[in-house]
Amino acid sequence: MSIGLSPTARALRVLEILYSRPSATAGELGEKLGVTERAARRYVEILREAGIGVESIRGPYGGY
């Protein structure tokens, strides 16, 4: 889905996903973006570095 998008565009897509689906996991974000979980976590970190408060919850029912 996000083939050809820049890292910034993907990070903004993560933000859009999180607004529509709170508590999404890194796996779910990666699946929607067409990237790995690790890459999805990097995009969340880009948002955090930009001053956008993305909180994470650990555990079996965790997510962003």
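Observations, loosely collected:
- Selected residue (only one of Leu29, Leu33, Leu5 is at pLDDT 95 or above and not aromatic (Phe, Trp, Tyr)): Leu29
- Pro60 in contact (Cβ under 8 Å) with a residue 40 or more places away in the chain and not basic (Lys, Arg): no
- Scanning region 20-64 for residues that are open to solvent by less than 30 Å² (accessible area, probe 1.4 Å) and either among the basic types (Lys, Arg) or assigned to a loop (DSSP other than H, G, I, E, B) (or both) turns up Ala24, Val54, Gly62.
- Some residue of region 11-19 being assigned to a loop (DSSP other than H, G, I, E, B), out of contact with any Lys or Arg (no Cβ under 8 Å at 6 or more places or on another chain) and either modelled with pLDDT of 95 or more or not β-branched (Val, Ile, Thr) (or both): no
The values are calculated or read from the model by the stated rules, or taken from the named source; none is laboratory data. Here the structure is a predicted model, which means the values were calculated and not measured. When we count neighbours, we look across all protein chains shown, and the Cβ atoms used for this are built from the backbone with ideal geometry, even at glycine. Accessible surface is based on the protein model in full, side chains and every heavy atom, while ligands, DNA and RNA are left aside. Shrake-Rupley method; radii C 1.70, N 1.55, O 1.52, S 1.80 Å.
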